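The values are calculated or read from the model by the stated rules, or taken from the named source; none is laboratory data. These figures come from a predicted structure and were not determined experimentally. Ideal geometry is used to build each Cβ from the backbone, glycine not excepted, and the neighbour counts take in all protein chains shown. Ligands, DNA and RNA are excluded from the accessible area calculation, which covers all protein heavy atoms including side chains. Shrake-Rupley method; radii C 1.70, N 1.55, O 1.52, S 1.80 Å.
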Amino acid sequence: MPPRARTAWFRTLGLLLLILAAATVLGLLSGQLFPFLTVTALGIVAWHYWRLRKVLIRLTARQRLTPSNSDGVWNELDRLLYRTQGEMRARKRRLMEMLRAYRAAAAALPDAIIVVERNSQRIQWFNEAGTRLLGLRYPDDIGASLVQRLQPMPLAHWMAAGRNAEPLETYSPFNPGATLSLRLIPYSENLWLLVARDVSRLLQLEQMRRDFVANVSHELRTPLTVIHGYLDMLDPEEQPDWAPMLAEMQRQSQRMTQLVEDLLTLSRLESQDHLQAEEHVSMASMLHTLRREAAALSQGRHQIDIDDSAHVDLLGSGKELHSAFSNLVSNAVRYTPAGGRIEIAWRPDGQGGVALQVTDSGYGIPASHLPRITERFYRVSTSRSRESGGTGLGLAIVKHVLQLHEARLEISSEVGQGSTFSCHFGAGRVRPHDLPAPIDPPAPVHS
Ligand code: ADP
């Protein structure tokens, strides 16, 4: 107990004892001890009840009543209540100001923010951008079902994923010209935050960038074909002095042509968000072709093995899949020194799907480079890539092709030991074998 309260308590106790002592003396003097004591005790009780009533009035009163200045325990209680009330009011005011500031900040955000009750999926609050981007109306839509209110946006299925929901890109129901990116953020036990951002401008810029790259590549294609054609026509034997220069020019024009082709392939892949046409891709002949290409590139410098233990085919685009796989195979050959081993395997991945794995015993990739290795023009060693005829776009093409097939690329590598690039396809893309594997023509018999 604080000293001031203790003093007040003792003072009131002392006063009561004094009154009782005085009543006892008066009672004894008058010979009426018990009536005197009873009346005094009743007076004391009445006085306490009266003070208790005052405390109750203070607690229930709306305005703040100033405490009186006397010293008794009831006045001390009064004073403490008065102080606590003051502190609580100040705290409440501070909290209200903070809440108002937060609401004002949330309301001013350019992104639409909606607070949704988790179980009922009803709207609890939304900011001004919620009206601008999603057409929500205040106060009619408070308490409305979010999914119904934002139809025809495909939200029901998406929200069922809850915490694991990937950002969703969709058209605004309010303004079909605008594309929104939606994110679901569970921020408390029973409240979710739905954030909708207008990404139309971003997508437009992205599209402009893609168009620019595609147009430039397209424009470069014709002049390059002409230069390449004329260079091919020049005979180094006619001008032996020029032979090394001619060879270098042919090599460089070949590289530029390859670069333009890869850029065009990437632009084409990027402009699709799903496969245009799907077909049954025979993996036995795919493996056969990959082996042939690897052997042609390797020129006998590597041991090339094939392992087809999956015995299944794929559903997808044969052309795109071939382009992705042959990029992996060509990398394996180019980044493995002579005498190394390359294995192309088509096997179950142990997770219900199948994987095409290209393993080499080459230079390997330091772990720090792996997260960025599929970015365009990202190379571990630029000189090694250039020397081996790389464009820096191979793995970017692989990533896009796999994305179109809902597949994923896994890379494991150890410097000096080699690398494994695995393309994992889900069970939905797997089809039973239809044709037997083509048989390599028998090697010519030398007499
Ligand atoms: P590039 O045309 O340069 O080969 P890619 O996109 O195919 O471009 O590959 C990006 C980079 O990843 C390469 O420059 C190389 O450094 C590294 N890389 C790719 N495959 C392998 C591999 N099998 N072994 C070692 N490094 C590799």
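Computed values, structure above
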read-out: Criterion violated by Asp71 - all others in (1) within 19 Å of Pro3 (Cβ to Cβ); (2) of a type outside the set (Gly, Ala, Ser); (3) assigned to a helix (DSSP H, G or I) satisfied; value: (3)
read-out: Meets criteria (open to solvent by 100 Å² or more (accessible area, probe 1.4 Å) and either aromatic (Phe, Trp, Tyr) or over 22 Å from Ala107 (Cβ atoms) (or both)) for His157; value: yes
read-out: Residue within segment 293-316 that is within 16 Å of the ligand (Cβ to nearest atom) and either outside the structural domain of Thr391 (by TED's automatic domain parsing) or under 24 Å from Ala427 (Cα atoms) (or both) present; value: no
read-out: Scan of segment 182-203 for residues that are of a type outside the set (A, V, I, L, M, F, W, C), open to solvent by less than 80 Å² (accessible area, probe 1.4 Å), farther than 30 Å from Leu264 by Cα and more than 17 Å from the chain's Cα centre (by Cα), ordered by number; value: Ser188, Asn190
read-out: Only one of Glu169, Glu248, Glu237, Glu206 that is outside the structural domain of Leu146 (by TED's automatic domain parsing) and open to solvent by 90 Å² or more (accessible area, probe 1.4 Å); value: Glu237
read-out: In segment 278-290, the residues that are crowded, with 19+ Cβ neighbours inside 10 Å and in a strand (DSSP E or B); value: Val281
read-out: Residue count, segment 368-383 (criterion: without any contact (Cβ under 8 Å) to a residue 40 or more places away in the chain and either part of a loop (DSSP other than H, G, I, E, B) or open to solvent by less than 50 Å² (accessible area, probe 1.4 Å) (or both)); value: 9
read-out: Residue list for segment 393-437, filter: in contact with a Gly (Cβ under 8 Å, 6 or more places away or on another chain), open to solvent by 70 Å² or more (accessible area, probe 1.4 Å) and within 20 Å of Gln276 (Cα to Cα); value: Glu406
read-out: Filter pass, Thr179 being of a type in the set (Ser, Thr, Tyr) and surrounded by 17 or more Cβ atoms within 10 Å (Cβ to Cβ); value: yes
read-out: Residue check for Ser419: modelled with pLDDT under 95, hydroxyl-bearing (Ser, Thr, Tyr) and within 13 Å of the ligand (Cβ to nearest atom); value: no
read-out: Segment 44-68 - residue that is assigned to a loop (DSSP other than H, G, I, E, B) and open to solvent by 70 Å² or more (accessible area, probe 1.4 Å) and, of those, nearest to Leu13 (Cα to Cα); value: Thr66
read-out: Filtered residues of segment 318-351 (kept if open to solvent by less than 40 Å² (accessible area, probe 1.4 Å), more than 11 Å from the ligand (Cβ to nearest atom), farther than 18 Å from Ile373 by Cβ and touching a strand residue (DSSP E or B) at 6+ places or on another chain (Cβ under 7 Å)); value: Gly318, Leu321, Glu343, Ile344, Ala345, Trp346, Asp349
read-out: Among the candidates His288, His274, His228, His280, residue that is closer than 30 Å to Ile114 by Cβ and in contact (Cβ under 8 Å) with a residue 24 or more places away in the chain; value: His274
read-out: Those residues of segment 391-409 which are more than 9 Å from the ligand (Cβ to nearest atom) and at positive phi, in sequence order; value: Glu406
read-out: Checking Ala355 against (1) outside any helix (DSSP H, G or I); (2) at pLDDT 95 or above; (3) crowded, with 20+ Cβ neighbours inside 10 Å; (4) over 30 Å from the mean Cα position of the chain (by Cα), the condition it does not meet; value: (4)
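The rows are residues; the columns are (1) farther than 19 Å from Gln417 by Cα; (2) among the β-branched types (Val, Ile, Thr); (3) open to solvent by 20 Å² or more (accessible area, probe 1.4 Å); (4) assigned to a helix (DSSP H, G or I).
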| site | (1), (2), (3), (4) |
| --- | --- |
| Thr265 | yes, yes, yes, yes |
| Arg292 | yes, no, yes, yes |
| Arg301 | no, no, yes, no |
| Leu314 | yes, no, no, no |
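Yes/no matrix, rows are residues, columns are (1) touching a helix residue (DSSP H, G or I) at 6+ places or on another chain (Cβ under 9 Å); (2) open to solvent by 30 Å² or more (accessible area, probe 1.4 Å); (3) assigned by TED's automatic domain parsing to the domain that holds Arg291; (4) more than 8 Å from the ligand (Cβ to nearest atom):
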site: Gly362; (1), (2), (3), (4): yes, no, yes, no
site: Pro366; (1), (2), (3), (4): no, yes, yes, yes
site: Ser385; (1), (2), (3), (4): yes, no, yes, no
site: Gly389; (1), (2), (3), (4): yes, yes, yes, no
